[in-house]
Amino acid sequence: MGIVTAGPDDVDAAWLTAVLRSSGAITAASVDSFTAEAIGTGQVGHNVRFDLVYDVDEPGAPATVVAKFPSPDETSRATGVAIGTYDKEARFYAELASTVDIRVPRCHHVEHDPDAHLSTLVFEDMAPAVQGDQIEGCSVDLAAVAVDQLCALHAPRWDDPTLDQIAWLQRPTTDSGTTIQAFYAALWPGFLERYDGRVSDDVRRLGAKFGDGLARWAARRADGPITIVHGDFRLDNLLFRPALDPDGSCEVTVVDWQTVALGIGTDDLAYLLGSGLVTDDRRRHEEDMVRRYHDGLLARGVTGYSWDECWADYRRFSLSGLQMAVVASMIVRGDERGDAMFLAMAERHTAQALDLGADALLDA
């Protein structure tokens, strides 16, 4: 089906009514009017909240919804098309979300054009949940809640042989490491030029070494225990909301499934902790967080994955965040916040990798 709502200007009350009736969110009411405001900090997707006014009162009718459109920025949109991010997110909600236990927003509507490689989605509004702040970082308690959600994502499809039947879900191979290394090497000089004078010597040294050994480092992705991974599991893609129970606990809802893939679960984990915790907190609590993850997998029925193997994978994939900081910063539209975020990622993940001795894994 072709995209009929490429942006918020294409939305009208009749379309919103049809979307909400098709999902069962409303049955008798119709959207009479609405207002729209952009929300979030996405660089490949464009999120808009619609405040709805109905023609009649209907119990349970959502007061607001959030629609996610392709980026209005030509560079970012072209990047999303080229690497399949819009395709992946649409297919995740249509085919995979119901097979895992991770908390995601209710998806009212998936509109996908596989020929144009674009999608538009409509979700429940998770307000008053608050988006995490990648630059500021989060508390150890919030990181623990996010770790639990990773277990809910990874465990249900852990080493599931049927995953190989999903043709669009990318599986890492030995050759893919070589391709990524070449891509990284092509972008690395531009990264240094853009952030000249703003990155530490440690980032410069490790980033250069990483470019030389990335294919060897990535080989583990092709032979480890495979599951569904988020691929960009960081604070900007987590929505935190205090629960109503008196113990003060917090819920986290995970959004932005544009990088969903097959991989090793600790890749998501290392990315979360390395970028989400400030360095001092990560150093103090890192092993406890990884043990929480491993225990959570075992509690959900995962077998054959020892603590030593989990820790070794976590150590290896501490370099993933540096890869993401370099690559992502160079293929999306640049802005002040984005630059600050990518710099924070580069510095924190470099410190994480060096603390864990992951640089030694790059040696021939």
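Just so you know, all these numbers are worked out from the coordinates, no wet-lab data involved. In this text, all values refer to a predicted model and were calculated from it rather than measured experimentally. Ideal geometry is used to build each Cβ from the backbone, glycine not excepted, and the neighbour counts take in all protein chains shown.
Net charge in the neighbourhood of Val302 (other residues with Cβ under 12 Å of its Cβ; Lys, Arg +1, Asp, Glu -1) is -2.
Note down the net charge around Phe92, summing +1 for each Lys or Arg and -1 for each Asp or Glu among other residues with Cβ under 15 Å from its Cβ. Before the final figure, lay out each step's value.
Details: positive: Lys68, Lys88, Arg91, Arg103, Arg106, Arg157; negative: Asp87, Glu89, Glu95, Asp101, Glu111, Asp232, Asp256, Asp268.
Net charge around Phe92: -2.
Only alpha carbons enter this Debye calculation for the chain, each as an equal point scatterer, and the log10 of I(q)/I(0) it gives at q = 0.06, 0.10, 0.12, 0.13 Å⁻¹ is -0.22, -0.63, -0.91, -1.07.
Ordering Thr173, Thr17 from the fewest to the most neighbouring beta carbons within 10 Å gives Thr173, Thr17. Here each label is just a point 7 Å from Cα along the line to Cβ, and for Glu336 and Asp148 those points are 3.8 nm apart.
Going through the DSSP H helices of the chain, which span 27 Å or more along their own axis at the Cα atoms while scoring at least -0.5 as a mean Kyte-Doolittle hydropathy? Numbers along the way, then the final one.
Values: long enough: 174-194 (30 Å, 0.03); 279-299 (29 Å, -1.75); 336-355 (29 Å, -0.38).
Counting only whole DSSP H runs, the qualifying helices are 174-194, 336-355.
Once the Cβ-Cβ distance of Asp133 and Ala28 is raised to the sixth power relative to R0 = 41 Å, the FRET efficiency obtained is 0.50. Put a plus charge on the Cβ of each Lys and Arg, a minus charge on the Cβ of each Asp and Glu, and nothing anywhere else: the dipole of the chain about its Cα centre is then about 880 debye. For the options Leu214, Leu239, Leu187, a Gaussian network treatment of the chain with springs between C-alpha atoms closer than 10 Å singles out Leu187 as fluctuating the most.
Count Lys and Arg as plus one, Asp and Glu as minus one, and take only other residues whose Cβ is under 15 Å from that of Asp232; the net charge is then -2.
Summarising the label geometry, the points placed 7 Å from Cα in the beta-carbon direction at Arg103 and Glu37 lie 2.4 nm from one another.
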